[in-house]
Amino acid sequence: MKLNLLTGLTLLMISNFVSGVKAETISSSNCGWVKDCAIAVSKKEVAKSVIPSTKLEKVENIIQSPEEKILTVETLTERSQGNATSLKGSTNSISQIVPPTDSNGNLIFRSTRSGPSYLGVGANFGLTGGSDLGGTSFAIISKLGLTEVISVRPSVLILRDFATILLPVTYDLAPQQSFGDLQFSPYIGGGVAINTGSNSSVGPMITAGLDVPLSSRFTINVAANLAFLRTTDLGILVGIGYNF
């Protein structure tokens, strides 16, 4: 009888000890194997494990780059703006004369056999006459190629408050070479001269000159212009043009 009672008490103590160990094992966060852990998580513990909404919003703003570096949306935006700035800078760095084109994008003026079209400045040294062509004046020069051999060469001579406008059409000859490597392209032509101011007049003119290529971008022009206005006016024009 005593032996049976002692055995019962012993089994009861062992049962309580095992239950305590099992309870401690379930509440412990350090499980040995997942399959051995009982799923006994309270609603309170589940609520604590949920990521707050503010953290989820931050996670949405994180992007994984190809180099496996974490980049935020703000960082990627800054990089994109940087590229746009560099492109804008390169666009603003272009500075040159843009050749005129028609509605289809074709060049209106072209190179002739004497060389490219150009626009430039120079000085006129008058030999005789009463207009700006017959005196020393500032000049705006140009050559506008129309065909392989034909060009128009408008020029404006400015002296004080008046101006003389020269509108010749020229026949451009083939380039010539002399004096070693020096190359030049002669031309000859005629047109109309217009003298503005109080003594304004209009008359025919004759021109002859040379285009001398200085580089791929610049051409030197030397021309003799003879105009029949109120007086016979003769001047020598020297200028430099920017090719286009």
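Taking region 102-118 as the search range and keeping residues that are closer than 9 Å to Leu146 by Cα and assigned to a loop (DSSP other than H, G, I, E, B), which one is modelled with the highest pLDDT?
Here the residue is Ser111.
Looking only at residues that are of a type outside the set (Ser, Thr, Tyr) and under 20 Å from Ile236 (Cβ atoms) in region 144-154, which one is surrounded by the fewest Cβ atoms within 10 Å (Cβ to Cβ)?
Here the answer is Pro154.
Go through region 224-244 and count every residue that is in contact with a Gly (Cβ under 7 Å, 6 or more places away or on another chain) and without any contact (Cβ under 8 Å) to a residue 40 or more places away in the chain.
2
Yes or no: Thr207 more than 29 Å from Gly130 (Cβ to Cβ), of a type outside the set (D, E, K, R), touching a strand residue (DSSP E or B) at 6+ places or on another chain (Cβ under 7 Å) and part of a strand (DSSP E or B)?
So Thr207 fails the test.
Taking into account only those residues within region 134-166 that are basic (Lys, Arg) and modelled with pLDDT of 95 or more, which is farthest from Pro204 (Cα to Cα)?
Checked region 134-166; the qualifying residue farthest from Pro204 (Cα to Cα) is Lys143.
Of (1) farther than 16 Å from Ile220 by Cα; (2) at pLDDT 95 or above, Ser131 satisfies all except one. Which?
(2)
Within the set of pairs 6+ apart or on separate chains, which have a first residue in region 116-143 that is over 12 Å from Leu237 (Cβ atoms) and surrounded by fewer than 21 Cβ atoms within 10 Å (Cβ to Cβ), a second that is at pLDDT below 95 and basic (Lys, Arg), and C-beta atoms under 8 Å apart?
What qualifies is Gly130/Arg230.
Taking the residues in region 155-179 that are of a type in the set (Val, Ile, Thr) and within 17 Å of Asp211 (Cα to Cα) as candidates, determine which candidate is surrounded by the most Cβ atoms within 10 Å (Cβ to Cβ).
The qualifying residue surrounded by the most Cβ atoms within 10 Å (Cβ to Cβ) is Thr170.
When you scan region 121-149, how many residues do you find that are over 21 Å from Asn195 (Cα atoms) and in contact with a Gly (Cβ under 9 Å, 6 or more places away or on another chain)?
Adding up the residues that qualify gives 1.
Every residue in region 180-203 that is in a strand (DSSP E or B) and either surrounded by fewer than 18 Cβ atoms within 10 Å (Cβ to Cβ) or polar (S, T, N, Q) (or both), please.
Leu182, Gln183, Ser185, Pro186, Ile188, Gly190, Val192, Asn195, Ser201, Val202, Gly203
The values are calculated or read from the model by the stated rules, or taken from the named source; none is laboratory data. Bear in mind that the values here come from a model prediction, so they are computed numbers and not experimental data. All Cβ positions, glycine included, derive from the backbone under ideal geometry; neighbour counts span all protein chains shown.
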